[in-house]
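Undergrad: Supplied in structure tokens, the structure appears directly below.
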Amino acid sequence: MDPISSTTAGVVSPKTTPSVPDTAAPAARAPDGRATAAAGAGPFAAAPAAAGAADIPEPPAGPPDPALGQDVLDRAFSQLEKLEKELKSVDPTTPEGAKRMAEITRLLNRVDEMIRMVNEMRRSRHEANMAVIDNIA
């Protein structure tokens, strides 16, 4: 059966178009030439609204420590002060004094390393916060 021939009664030929009078007004156009419906359908047209405060969940451990490690630093500095006082009272000329002095020095190094680690954590947190701010801006 030939869809173009006239012998097919009641079948619409793919080459024919309905003859409807063109009384509709031309579609409105955006400044860039697209139809206004297409102009409003840009990449952000259907984007959901920004999350509100109620949509953001709390962290599982509760609110974060605003001073990140301040308790650890306070204890470290008090321990550092105690060790330095004890170091001043040790006599390094005796074998027991030399041994205790080496032990105090080792503990001072450990406390100092802990202080450096907390400071590095604070620096990393600051850099992460600044990166987020830069990405938002």
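Undergrad: Quick one: V111, V132, V72, fewest Cβ neighbours within 10 Å first, how do they rank?
TA: Ordered from fewest to most neighbouring Cβ atoms within 10 Å, V111, V132, V72 come out as V132, V72, V111.
Undergrad: Quick one: S89, S124, fewest Cβ neighbours within 10 Å first, how do they rank?
TA: S89, S124
Read the figures in this text as sums done on the coordinates, not as results from a lab. Just so we're clear, the structure is a prediction, and the values are computed from it rather than from any experiment. Neighbour counts are summed over all protein chains in view; Cβ atoms, including those assigned to glycine, are modelled from backbone coordinates with ideal geometry.
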